[in-house]
There are 2 protein chains.
Amino acid sequence: MIPDKILLIVLDGGADRPLMIDGREETPLSSAKTENLDILAEEGISGMMDVISPGIPPGSDTGHLSLLGYDPYKVYTGRGPIEAAGAGIDVKRGDVAFRCNFATLEDGKIIDRRAGRIRETEELAKAIDEEVHLDVDFIFKRSTGHRAALVFRGDGLGGDVTASDPKEDGMQIKESKALKKGSEKTAEILNDFIEQSIRVLSKHPVNEERAKKGLPRANAILTRGAGILPEIERFEERYGLKGAVVAAAGLVIGISRICRLDFVSTEGATGGTDSNVNKKVENALRSLKNHDFVLMNIKGTDEAGHDKNFAKKREFFERIDEAFERLLGLEDTVIAITADHTTSVAIGDHTGDPVPICIHGEGVRSDSINKFDEFNCAKGGLGRIRGRDLMPTLLDLTNRSKKFGA
Amino acid sequence: MIPDKILLIVLDGGADRPLMIDGREETPLSSAKTENLDILAEEGISGMMDVISPGIPPGSDTGHLSLLGYDPYKVYTGRGPIEAAGAGIDVKRGDVAFRCNFATLEDGKIIDRRAGRIRETEELAKAIDEEVHLDVDFIFKRSTGHRAALVFRGDGLGGDVTASDPKEDGMQIKESKALKKGSEKTAEILNDFIEQSIRVLSKHPVNEERAKKGLPRANAILTRGAGILPEIERFEERYGLKGAVVAAAGLVIGISRICRLDFVSTEGATGGTDSNVNKKVENALRSLKNHDFVLMNIKGTDEAGHDKNFAKKREFFERIDEAFERLLGLEDTVIAITADHTTSVAIGDHTGDPVPICIHGEGVRSDSINKFDEFNCAKGGLGRIRGRDLMPTLLDLTNRSKKFGA
């Protein structure tokens, strides 16, 4: 039977560069015992994928856009709009969005950019929303911890303004300036927002309470990552697929929202190596019942890479693999397993190496690869493809591609 | 340790098409004993590369531009600017440049396009420089043998004019004509230059001497390969790398100069199969001490290909391989070994087949390839990449790539 559903599994930053382990070149993935992944590789077709293009290290945001078939060079305008969407703001085309921090201001200087990693920002955010008045509509929303997002909506706004965040403690808040003609109004309103916020926050009971307890007050808002959301075609319109995202990482949730995919939250999913992968897989399989397409992102692999922790990354792969047992024998579904980028444990950051990919399901031309890792997939039948080739391939395997010509 | 330096080795025209040798399909490279190249392949990752794109035979000039990450379709405007730069003229953006020959004119016809392969052109070039007067600034410079280069510098000059070189003996010098609107002034000045040059050269003592000795006089200048130099970003600005080129071939030297790479000359390097390859390797390794990037071109392989000489090409590979012993164990360096194009000994010219490539250094995902040739590299872990992907890949392996996104 020709499969009808698509399950795209992104092992975030899952690919790696080799290190010498017991006299052999190994990556966390190649050295992990991954029985189920290997069965999927054996039954499927494998290859390597440049998520953007060879040598270019994707971010998780641009990487996921690319995997979803969007050109990140056209639709990515910085982290602000993605973070704002991830925080739950319904960001619209033309909106200018910023990443924000609650911070501690004292004697005109920022003494703690994270306001003692404050968590109880709900009342503070509400006060800003009610008491700040600007020349444009704005939405301010708290996110996790000391983080928040800000959106300006109105005519004549540009997205090219400098950050007000000084990026280090002990400095004054920076006056935002337009980097390009057409963004002057944005800079002006942003500076007004920051000034008014300080007034609103400084006198707020939450901060008076914090001061009493000797905690840093959250009496200023810092902004960075300004960007204007461009036109982004809805995923469903683009592909005719009802799609969902199962993820915990803010950036991935943000991407899913700006592409208008349904976000499905998972209890116990943390975005770290302590995440409840079983629940996530369960959730993804459940979401497939009422969606044509599900993207499941597992973030812990990336975390372990940034931590430069080879063993942690390898062990997490083994935990992922256990959860993948329930993918075996999944019917009516094309499964693609890949990564959004390489995160090198040697470097502790993303690199531009291609990532392994395996596509599994009825109709794929299976090859001789029987181990899912960077070395074996490089010999696979898919060859070396690009991120933007993935969605057309998956649409084609689910009999949804359109013939070009006659 | 993450490597910091890049050594790009171009075996010019080194790739080939197979011939039947002792009942087996072999290329000069596959049949050569290349112990050291094979060690590098075994330790590194191999693949095939379309220097421009599949089926397009690159010139050495466009091939090297592509390997250096420039789009030859944007920056290559003909051989004139490259030859002029190779001859040592500081060609600037907007300059119109020509390849020139000293030739022998008799009774209004060119009887020897190379003036008896004259070598002593210094005085003649000086006379042209001093006694020709044009409506624009010009630079005329002798090159090797009967060759020279000419540059016009000024406003209102186009680069699209026909050659004055009739391309065969027994013909008149052609009047140069504009091929496009905007190049009329160039054609007019070029015709003036050619006329004045004949007057200056005809009466020159060097030619009177030659006539006495029965040698063909060098009493005319032929021009071809007109082109206007476009804006070309300096290599160092483009990549943040201090780069050098170790080469003997004029075109490669020209490319290095228009990209503003340091040119390092090598004693005994001839551009032929008699070249001192050992000295070149020594020179490349020395240049790596005060550069981040070194391109070493070895030209003899191409010469043997153009000569349709299988054995000569194979033997030269063996000589190259001996010199490469000192590349083994090179630390802190990513080495890429490849070719700028295929030169088929069967055809005696460039073809559009992809070329083998091997990348060696800490951090590369080594594959199972242990022989550097067209057949084995086609099974390698790099898959099939393009020339333009090479520099991003090498920058990434030396931890210089910039993440796109977050």
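Coordinate-derived values only; no laboratory data. Quick caveat: nothing in here was measured; it's all calculated off a predicted structure. Because the Cβ atoms are built from the backbone with ideal geometry, glycine has one as well, and the counts that use them run over all protein chains shown.
Mean-square fluctuations from a GNM of chain A, with a 10 angstrom spring cutoff on Cα atoms, peak among A:MET49, A:MET391, A:MET171 at A:MET171. Each Lys and Arg adds +1 at its Cβ and each Asp and Glu adds -1 at its Cβ; summed about the Cα centre, region B:71-196 shows a dipole of about 640 debye. Computed over region B:81-228, the P(r) curve from all C-alpha pair distances, binned at 5 Å from the origin, holds 2, 11, 21, 24, 22, 12, 6, 2, 0, 0 percent per bin. If you take the alpha carbon atoms of the protein assembly as shown and fit the smallest convex hull around them, that volume is 211 Å³ per residue.
Rounded to the nearest 10 degrees, the angle from helix A:277-289 to the longest Cα principal axis of chain A is 80 degrees.
For region A:193-256, applying the loop criterion from DSSP together with a ceiling of 13 other beta carbons within 10 Å to the trypsin sites (Lys or Arg not before Pro) yields A:LYS203, A:LYS213, A:ARG234.
Between A:ARG386 and A:ASP50, the built amide H atoms are under 5 Å apart, and every one of these is 5 or more places off in sequence or on another chain. Scalar couplings 3J(HN,Hα) for region B:389-402, obtained by applying the Karplus form with A = 6.51, B = -1.76, C = 1.60 to θ = phi - 60°, are 7, 5, 4, x, 5, 5, 5, 5, 5, 9, 6, 10, 6, 9 Hz; x denotes Gly and Pro.
Panel values: chain B, Kirkwood radius from alpha carbon pairs, Stokes-Einstein at 20 °C and 1.002 mPa s, translational diffusion coefficient 96 µm²/s.
Select from region B:262-334 those GluC sites (Glu not before Pro) which occupy a DSSP coil region and have at most 12 other Cβ atoms within 10 Å, ordered by residue number. Filter output for region B:262-334: B:GLU267, B:GLU331. Spin-label model, A:SER366/A:SER265: points 7 Å from Cα along the beta carbon direction are separated by 4.0 nm. Farthest toward the positive end of the dipole of chain B, out of B:PRO81, B:GLN196, B:GLY380, is the Cα of B:GLN196, where the dipole comes from beta carbon charges about the Cα centre.
A:ARG238 label point (Cα plus 7 Å toward Cβ) to equivalent points in the other copies: 3.1 nm, shortest first.
Pairs B:LYS141/B:LYS185; A:LYS174/A:LYS313; B:LYS5/B:LYS280; A:LYS167/A:LYS280; A:LYS185/B:LYS402; A:LYS180/B:LYS185: which are spaced more than 28 Å apart, C-alpha to C-alpha? Over 28 Å apart, Cα to Cα: A:LYS174/A:LYS313; A:LYS167/A:LYS280; A:LYS185/B:LYS402; A:LYS180/B:LYS185. If R0 is 25 Å, the Cβ-Cβ spacing of B:GLU35 and B:ILE347 corresponds to a FRET efficiency of close to 0.30. Counting DSSP beta bridges in chain A, what percent are antiparallel, to the nearest 5? Once the DSSP bridges in chain A are tallied, antiparallel ones form about 60 percent. Position A:GLU188: other-copy label points at 5.3 nm, ordered by increasing distance, label point 7 Å along Cα→C-beta.
Rounded to the nearest 20 debye, the dipole magnitude of region A:256-398 is 220 debye, with +1 charges on Lys and Arg beta carbons, -1 on Asp and Glu beta carbons, and the Cα centre as origin. Note: relative contact order over region B:81-228, using C-alpha pairs below 8 Å and six or more positions apart, is 33 percent.
Distance between the 7 Å Cα→Cβ label points at B:LYS379 and A:ASN276: 4.9 nm. The simple spin-label model puts a point 7 Å past each Cα toward its Cβ; for B:GLU195 and A:MET171 those points are separated by 6.6 nm. Inter-part distance, region B:104-172 to region B:1-75, computed on C-alpha centroids, equals 36 Å.
Taking the Cα centre of chain B as the origin, how large is its charge dipole in debye, to the nearest 20, when only Lys and Arg (+1) and Asp and Glu (-1) carry charge on their Cβ atoms? Could the numbers behind the result be given before it?
Working: 57 positive and 67 negative charges, 124 e Å.
Roughly 600 debye for chain B.
Please give the length that would be gained between B:MET20 and B:TYR73 if that part of the chain were fully extended, namely 0.36 nm times their separation in residues minus their C-alpha to C-alpha distance (nm, one decimal).
Values: separation 53, 0.36 × 53 = 19.08 nm, distance 3.61 nm.
Extra length available between B:MET20 and B:TYR73 comes to 15.5 nm.
Connecting C-alpha atoms closer than 10 Å in a GNM of chain B, tell me which of B:LEU134, B:LEU288, B:LEU395 has the biggest fluctuation. Of B:LEU134, B:LEU288, B:LEU395, the most mobile in the Gaussian network model is B:LEU134. Positive end of the dipole of the protein assembly as shown, charges at C-beta (+1 Lys, Arg; -1 Asp, Glu), about the Cα centre: which of A:PRO28, A:ALA220, B:SER30 has its Cα farthest in that direction? About the Cα centre, the residue reaching furthest to the positive side is A:ALA220. Chain B holds its axis-closest Cβ, relative to the rotation onto A, at the residue and whole-Å distance B:GLY383, 3. Comparing B:LEU40, B:LEU11, B:LEU328, which has the greatest mean-square fluctuation in the GNM of chain B with Cα pairs linked when under 10 Å apart? Fluctuation is largest for B:LEU328. Identify the GluC sites (Glu not before Pro) of region B:200-260 meeting these criteria: DSSP loop state and at most 14 other C-beta atoms within 10 Å of the C-beta. Hits after loop and neighbour filter: B:GLU231, B:GLU233. Relative to the longest principal axis of the Cα atoms of chain B, the long axis of helix B:310-323 makes an angle of roughly 60 degrees.
Find how many whole Å separate the alpha carbon centroid of region A:279-331 from the alpha carbon centroid of region B:191-267. Region B:191-267 and region A:279-331 have Cα centres spaced 62 Å from each other. Starting from the Cα of A:LEU179, step 7 Å toward the Cβ, then list every residue of region A:82-109 with an amide N under 15 Å from that point. Counting only backbone N, you get A:82, A:96-99. Counting from the shortest, the label point at A:GLU267, 7 Å from Cα toward Cβ, is 8.1 nm from the same position in each remaining copy.
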